[in-house]
Amino acid sequence: MNKAKTTSHSVNQKCPICQGGAVTRASVHQPYTYWRCHDCGTAHLHPQPSAEFLADFYETYHGRADEGSVFADFESRTAADFPAKARIVLQALRGAISQSGEARRTLDVGCGKGFFVREMAGLGFKAEGIDASHAGVEAGGQLGIAGLHAGLLEQQTSWDGRFDAVTAWATIEHLPSPREFLRAAHRLLKPGGLLFLDTGLADDFVDRMAPGLVQWFDSPQHLFVFSAAALKGLLAEVGFLVLKVDPNFERSMARRIAKLVRNRILALAGKCLFRPALGRQVFQQMRMETKLPFGSLVFVVARSQPT
């Protein structure tokens, strides 16, 4: 794999999401550094790994753990959410069949092996998926999952106005240019089509109490850790009407409550216990260089509007 080189932000560097806010160092995971925007609260990785590095990285991303896959341990856990998410899409579209009697088309971006595509197809949708990892798409094909494409959404020139819904689960934070991704999703949706996405949340209570410690500061794969306000602003900029923002998504109410309580306890512990116990200097070093297994997941639904 290619190694990323480290550089510093220039004095005039601005946030790439809100394109106006000044940034300060938020977290360091050698050789990578996250920078947080004072205005919108989003953190971003700078410098980003090269395109060649990311291409190599994602070719092994959906493999087995003994092959070096960084995603293997989380794959089944992520897929456990898919039935609940598929029901949300089904309800939002008011069924898998349109008023014309045709099956609605959906596209899952960052589909990996295609488990969510299979879930949607089982509900009666014409479901497709796309992923940058050829290896992931090939593995899905070997599992008998149809409709999977290898490539980048932004490069699809023949899909304009094709889909009733686009989904992107834990995907936008991996993308070098989230703005261009959202523009492409808007272009591929039918007028009034729906975008569903979720991603790790920055600048909420948990992240403010334990800044830089939440699990989403995970380089080199997470290039951005979005605030809810920044996501809403970006979606509106490219032509979406935001219908729903859930800053603590879970597939069941019991899990939602348990996660909310756990996150707040751990965040307060990071703020009130770690610092006195470790001392200011050691705590600051831990804050900059460590991530802990907690954090909030924000779930967003937006409707495509004419631009």
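The values are calculated or read from the model by the stated rules, or taken from the named source; none is laboratory data. Only a predicted model underlies this, so the values are computations on that prediction, with no experimental measurement involved. Please note: Cβ atoms are built from the backbone with ideal geometry, for glycine as well, and neighbour counts cover all protein chains shown.
Restricting the search to the range 22-38, which residues are in contact with a Lys or Arg (Cβ under 9 Å, 6 or more places away or on another chain) and either in a strand (DSSP E or B) or buried (at least 17 other Cβ atoms within 10 Å of the Cβ) (or both)? Of everything in the range 22-38, those that are in contact with a Lys or Arg (Cβ under 9 Å, 6 or more places away or on another chain) and either in a strand (DSSP E or B) or buried (at least 17 other Cβ atoms within 10 Å of the Cβ) (or both) turn out to be A22, V23, T24, R25, A26, S27, H29, T33, Y34, W35, R36, C37.
Residue pairs whose Cβ atoms lie under 7 Å apart, separated by 6 or more positions or on different chains, with the first residue in the range 148-170 and assigned to a strand (DSSP E or B) and the second at pLDDT 95 or above and aromatic (F, W, Y), are A165/F196; T167/F116; T167/F196; W169/F116. When the residues of the range 60-74 are filtered to those that are buried (at least 17 other Cβ atoms within 10 Å of the Cβ) and not small (G, A, S), the one that is modelled with the lowest pLDDT is F71. The set of residues in the range 39-58 being surrounded by fewer than 17 Cβ atoms within 10 Å (Cβ to Cβ) and either in a loop (DSSP other than H, G, I, E, B) or touching a Ser or Thr at 6+ places or on another chain (Cβ under 8 Å) (or both) consists of P47, S50.
V206 meets each of the listed conditions (1) touching a strand residue (DSSP E or B) at 6+ places or on another chain (Cβ under 8 Å); (2) more than 19 Å from I17 (Cβ to Cβ); (3) buried (at least 19 other Cβ atoms within 10 Å of the Cβ); (4) not aromatic (F, W, Y) apart from (1).
When we screen A121, A135 for residues that are part of a helix (DSSP H, G or I), in contact (Cβ under 8 Å) with a residue 40 or more places away in the chain, of a type in the set (A, V, I, L, M, F, W, C) and surrounded by fewer than 22 Cβ atoms within 10 Å (Cβ to Cβ), the only hit is A135. Of the residues making up the range 223-233, those that are crowded, with 23+ Cβ neighbours inside 10 Å and either assigned to a helix (DSSP H, G or I) or not β-branched (V, I, T) (or both) are L223, F224, F226, S227, A230, L231.
Of all the listed residues (L195, L189, L175), the sole one being surrounded by fewer than 24 Cβ atoms within 10 Å (Cβ to Cβ) and either of a type outside the set (A, V, I, L, M) or within 23 Å of G129 (Cβ to Cβ) (or both) is L175. Can you name every residue in the range 234-250 that is part of a helix (DSSP H, G or I) and either touching a Lys or Arg at 6+ places or on another chain (Cβ under 9 Å) or in contact (Cβ under 8 Å) with a residue 40 or more places away in the chain (or both)? If the condition is that a residue be part of a helix (DSSP H, G or I) and either touching a Lys or Arg at 6+ places or on another chain (Cβ under 9 Å) or in contact (Cβ under 8 Å) with a residue 40 or more places away in the chain (or both), then L234, L235, E237, V238 are the ones that fit.
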